[in-house]
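**Q** Okay, handing you the structure first.
The values are calculated or read from the model by the stated rules, or taken from the named source; none is laboratory data. Model, not experiment: these values are computed from the prediction. Cβ: placed from backbone, ideal geometry, glycine included. Neighbour counts: every protein chain shown.
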Amino acid sequence: MICDSGSLPNGAQASQPVANPREKHRHTLAFRDNKGRTTPAILTACNARMNTPTIARKDCFEDLVREHQAGLRAYVRALGAQDAWVDDLAQEVFLVAYRRLGHFDDTADFGRWLRGIARNLVLNERRKNARRSRLLQESIVGVLDDNGEIEPTKWVSEPQIVRAMTDCVADLPARSRELLQQRYAADTDAPTLARAFQLSAATVRQTLLRTRAAVRRCIEGKLGEAWLS
Amino acid sequence: MNTGRFEELLGQLFDGDLSAAEGDELAAMLRADPSRRRELRQHLVLWELWAQQQTPERSADSFLAACRTRLRAERQGESFLADLKKRIPRDSDAPEATTLLGGWWNVLRRPARFAWAASVMLAAFAVFLWLLTPHDALATTTLHGELVCTACILHQTHEHLPAIRVHEGATTRIYYLQPIHRPIQPPGDFCAAPIPMVATGKVGTKNGRLLFDVQAVEPGSPPLSPPANPDERVLFPF
């Protein structure tokens, strides 16, 4: 049994089925609108499949994960997750969502629903007060979402930010660009960067600070000051 | 409010170098100024998205693969673990080995197996060497002594048979020759008097008597003098 393509909304396209039955599932399920975004039909189909073979439900869900993962990970980080644990927490959010997919109202915003789950997970993590917390220091995390400032309802369009960021980084001096590249692509710490660039660790930290600030200002210039409240 | 200090603490936070006291200091600054809270959130979001773009292991595909694994683990529970245990060696191995060489290569790719394989190979090589080496050579002994007659000099037999008398300090040992296997030409009349000689051969025992399967006999240097270290025996195991 596969998702019914009869529920396609206007402008949505379904790929042609292929010989492999498993592939057939994937292609028939991958409904996307003209902008390449998953349509509500997917959610309807996934919800309808709650009592059907798990393979179909899983395929539906994978499309949703692919669409929402980047923004959700950024949201989890903004809530105060340590960079090394962001993916782990975000995966947990998707696991919870998978379990509760049947309860989701597919007329609602799926991204917002995910962010709500993420917020609850982070709250639970804070309550645990575990020695090996996956969050930043409690004092910082507590302030970050003070008065519910990181609303699941208001969130950024990450492709737009990434585009703006790519442009802003391209405008940086070559050495600053290289420093950023090394810092984030290779996850290199300041002392190692200092050796590579023949600078002091303090200078590297200072340069990174200035570069980050310059990029942030550049993005504000492109997207407006309140691109993220 | 000190902007420089705020930026310094921000940098330490991003580098994971923020102490608890500095964390409290930064939290106080953030609490006092909403624009700084926004700035921190913006930084966290920006550089998280940037890291996702720059790091292959944090790509969408990698994330999806990790989610798949966790979903599968959740769905299948215990059977997932059992399946994983079965798959671990198979996934990391090369394609099914069809030749002896291929099989060995698969074994050598794992450190623990490599250690076992090396031990087995060394032991096999040692056995191989042992089999190749003439066993006579392993027990070959050189005796420095005198050739004597068991009848005329030792008065032990009626037959005139050669024996080797070896003085080892205060001890005298008699080795009865076994000329049956390799007939020898005595280097003189061993009935008349002891003949100094050096004999090479294999030592054995029978009924408490020392036997010597002689391979070569050479004249020794008279007078026979005791060795510098009387307990020392010259052995050539190889």
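**Q** Considering only segment B:9-27, how many residues are facing chain A (nearest Cβ under 8 Å) and farther than 21 Å from residue A:212 by Cα?
**A** Counting residues in segment B:9-27 that are facing chain A (nearest Cβ under 8 Å) and farther than 21 Å from residue A:212 by Cα gives 2.
Matching residues to (1) at pLDDT 90 or above; (2) over 22 Å from residue A:136 (Cβ atoms); (3) not assigned by TED's automatic domain parsing to the domain that holds residue B:9:
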site: B:34; (1), (2), (3): no, no, no
site: B:40; (1), (2), (3): yes, no, no
site: B:45; (1), (2), (3): yes, no, no
site: B:65; (1), (2), (3): yes, yes, yes
site: B:70; (1), (2), (3): no, yes, yes
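**Q** Still on this model: May I ask you to list the residues in segment B:1-41 that are among the acidic types (Asp, Glu) and in a helix (DSSP H, G or I)?
**A** B:7, B:8, B:15, B:22, B:24, B:25, B:39 - these are the residues of segment B:1-41 that are among the acidic types (Asp, Glu) and in a helix (DSSP H, G or I).
**Q** How many residues does segment B:28-48 contain that are crowded, with 18+ Cβ neighbours inside 10 Å and either closer than 16 Å to residue A:217 by Cα or more than 7 Å from every other protein chain (Cβ to nearest Cβ) (or both)?
**A** So the count comes out to 12.
**Q** In segment A:184-195, which residues are touching a helix residue (DSSP H, G or I) at 6+ places or on another chain (Cβ under 6 Å) and either facing chain B (nearest Cβ under 10 Å) or under 20 Å from residue B:57 (Cβ atoms) (or both)?
**A** A:184, A:185, A:188, A:190, A:191, A:193
**Q** Sort through A:178, A:125 and tell me the only one that's within 13 Å of chain B (Cβ to nearest Cβ), of a type outside the set (A, V, I, L, M, F, W, C) and part of a helix (DSSP H, G or I).
**A** A:178
**Q** Restricting the search to segment A:96-116, which residues are crowded, with 16+ Cβ neighbours inside 10 Å, within 14 Å of chain B (Cβ to nearest Cβ) and at pLDDT 85 or above?
**A** Selection gives A:97, A:98, A:114, A:115.
**Q** Right, another one. Report the residue count in segment A:184-210 for those that are under 16 Å from residue B:49 (Cα atoms) and surrounded by 14 or more Cβ atoms within 10 Å (Cβ to Cβ).
**A** Total satisfying the criteria: 3.
**Q** Scan segment A:69-88 for residues that are small (Gly, Ala, Ser) and not in a helix (DSSP H, G or I) and jot them down.
**A** Across segment A:69-88, the qualifying residues are A:80, A:81.
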